[in-house]
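The structure under discussion appears below in the form of structure tokens.
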Amino acid sequence: GVLAQRLVRTLCTHCREPHTMEADVAREIGLSRVSADERPVIYKAVGCSHCGNTGFTGRMCIAEMMPLTEPIRRLVMQKANASELRRAALSEGMLPMYDDGMRKVVAGLTTVEEVLRATREG
């Protein structure tokens, strides 16, 4: 298979601050795909003596894994482009890296900004 990963900063559990996200913003950034709450609670970095006033303590991985299934193998052999391979992988249940990151946002482990920074192309 193919594994893609990025590192995001982990929120400090001593000082992170909860915020309720507006429903339209949650839908716009894709949180509604990973959270059952219409207005999910997310956390923001604050800063304290435990984290050196950064709001973060360490890093964690966000990732996506594309297993090399027979349909994907056929696409590779046909020299399909990246968007065709991605579409096939998503249809077979691959969790995109962005969604993995947003799951970690909803779990209070990192911030939306960190996921956007790590997954934005360019």
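The values are calculated or read from the model by the stated rules, or taken from the named source; none is laboratory data. Bear in mind that the values here come from a model prediction, so they are computed numbers and not experimental data. Using ideal geometry, Cβ is built from the backbone for each residue, glycine included, and neighbour counts are taken over all protein chains shown. Remember, those area values only see protein heavy atoms, side chains included, never the ligands or the DNA or RNA. Shrake-Rupley method; radii C 1.70, N 1.55, O 1.52, S 1.80 Å.
Of note:
- If the condition is being under 12 Å from ARG9 (Cα atoms) and open to solvent by less than 20 Å² (accessible area, probe 1.4 Å), then region 86-107 contributes GLY101, VAL105.
- Residues of region 60-80 that are surrounded by fewer than 14 Cβ atoms within 10 Å (Cβ to Cβ), over 28 Å from GLU114 (Cα atoms) and touching a residue at least 12 places away in the same chain (Cβ under 8 Å): LEU68, PRO71.
- Residues in region 19-43 that are in contact with a Phe, Trp or Tyr (Cβ under 8 Å, 6 or more places away or on another chain) and either part of a helix (DSSP H, G or I) or in contact (Cβ under 8 Å) with a residue 40 or more places away in the chain (or both): GLY30 only.
- Checking region 50-59 against the condition returns no match, with no residue being under 18 Å from GLY1 (Cα atoms), open to solvent by 60 Å² or more (accessible area, probe 1.4 Å) and free of Cβ contacts under 8 Å to residues at least 60 places away in the same chain.
- Residues in region 20-36 that are under 18 Å from the mean Cα position of the chain (by Cα) and either open to solvent by 80 Å² or more (accessible area, probe 1.4 Å) or at negative phi (or both): MET21, VAL25, ALA26, ARG27, GLU28, ILE29, LEU31, SER32, ARG33, VAL34, SER35, ALA36.
- In the set (1) over 16 Å from VAL115 (Cα atoms); (2) at pLDDT 95 or above; (3) among the polar types (S, T, N, Q); (4) open to solvent by less than 80 Å² (accessible area, probe 1.4 Å), the condition left unmet by SER83 is number (2).
- Condition met for ARG6 (in a strand (DSSP E or B), modelled with pLDDT of 95 or more, in contact with a helix residue (DSSP H, G or I) (Cβ under 7 Å, 6 or more places away or on another chain) and open to solvent by 80 Å² or more (accessible area, probe 1.4 Å)): yes
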